[in-house]
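Single-structure report; data block below.
Just so you know, all these numbers are worked out from the coordinates, no wet-lab data involved. Everything numeric in this text was worked out from a predicted model, so none of it was measured. Note that each Cβ is placed from the backbone with ideal geometry, even for glycine, and that neighbours are counted across all protein chains shown.
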Ligand SMILES: Cc1cc2nc3c(=O)[nH]c(=O)nc-3n(C[C@H](O)[C@H](O)[C@H](O)COP(=O)(O)O)c2cc1C
């Protein structure tokens with residue numbers, strides 16, 4: 001399983017002026033080569049004692065503000081973010097010998113933005129957000145299915161499901177973003193944008 005990465009270099013001169021535009025370039029390329037779920041990213045959080053935890057979530061929006069994902073605010077990740085907003089995001093684009101690593105701070109998005117996204121989800125996913133107390137220990141699969149059935153009876157298809165107060169978006173405002181491009185002989189390119197006085201500086205890291 002030892003791969004040689006024969007890919008185009010990532011040079012300072014080719015970088016966009018800011019990391020979100022550079023991310024947009026790479027994300028667009030990942031979509032163009034039909035990478036499987038390029039918006040799947042690993043979100044790492046840490047509790048108040050610094051104990052880390054990671055999980056995959058889907059990136060639902062990105063732009064000048066940063067990166068947005070949706071989840072249950074009372075989940076493990078949600079509680080950890082409340083205690084410690086420092087997070088890391090990792091996009092593992094292995095098929096392109098690329099990864100993007102973001103470190104930043106997570107904050108809740110506004111309720112209107114959450115409501116607009118919630119309403120765009122399929123009816124079943126809307127009910128699922130109510131049915132599951134994400135990250136809590138449950139007795140059985142049946143318990144979960146039962147909760148879903150009750151909700152499905154209360155809110156049949158076509159009826160508007162209210163936005164759960166415990167569910168919504170997090171915006172991750174980047175403080176540093178690393179673009180990693182695999183190269184031959186493990187001499188990979190690693191260019192990292194670091195927020196500096198309202199702008200960005202770029203540094204090259206040893207692979
Ligand atoms: C491909 C993929 C996409 C996922 N997307 C989300 C998501 O967008 N939001 C979410 O809350 N969980 C998502 N999950 C489930 C999470 O990985 C995780 O199980 C859940 O959020 C509970 O995490 P926690 O207990 O660490 O808070 C996804 C899982 C996979 C494998």
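Some observations on this one:
- Ranked 177, 202, criterion: other C-beta atoms within 10 Å, fewest first: 202, 177
- Förster-model FRET efficiency, 22 Å R0, residue 36 and residue 121, C-beta, rounded to 0.05: 0.55
- Between 0 and 90°, nearest 10: helix 19-32 axis offset from the chain longest Cα axis: 80 degrees
- Normalised contact order of region 12-85, rounded percent, pairs of Cα under 8 Å and 6 or more residues apart: 25 percent
- Taking other C-beta atoms within 10 angstrom as a stand-in for reagent exposure, 34, 80 fall in the order 34, 80, fewest first.
- In the frame of its principal axes, region 7-122 has Cα extents of 43, 36, 26 Å, reported largest first.
- Cα-projected label distance for residue 24 with residue 60, points at 7 Å along beta-carbon direction, nm: 2.2 nm
- Hydrodynamic estimate: the Kirkwood radius of region 1-50 over Cα pairs, inserted into Stokes-Einstein at 25 °C and 0.890 mPa s, corresponds to D of 175 µm²/s.
- Relative to the longest principal axis of the Cα atoms of the chain, helix 141-154 runs at roughly 70 degrees.
- Exposure proxy order (Cβ contacts within 10 Å, fewest to most) of 67, 170, 118: 118, 170, 67
- Alpha-carbon spread of region 52-96, three principal axes, descending order, Å: 35, 24, 17
- Largest GNM mean-square fluctuation across 89, 171, 15, computed for the chain with C-alpha springs under 10 Å, falls on 15.
- Acute angle (nearest 10 degrees) that the helix 111-120 long axis makes with the longest principal axis of the chain, alpha-carbon atoms: 80 degrees
- Efficiency of FRET between residue 14 and residue 94 - r from beta-carbon atoms, R0 22 angstrom, step 0.05: 0.55
- Estimated [θ] at 222 nm from DSSP helical runs (n ≥ 4, -39500 (n - 2.57)) normalised by residues in the chain, nearest 500: -8000 deg cm²/dmol
- Relative contact order %, the chain, counting alpha carbon pairs below 8 Å whose residues are six or more apart: 26 percent
- Equivalent ellipsoid semi-axes, region 124-174, via Cα gyration tensor eigenvalues times 5, rooted, Å: 22, 17, 7
- In this label model, residue 157 and residue 175 are separated by 4.8 nm, measuring between points 7 Å along each Cα→Cβ vector.
- Scattering profile of region 42-194 at q = 0.18 Å⁻¹ [log10 I(q)/I(0), Debye over alpha-carbon scatterers]: -1.11
- Rough spin-label spacing in nm, given labels placed 7 Å along Cα→Cβ, for residue 135 and residue 3: 3.1 nm
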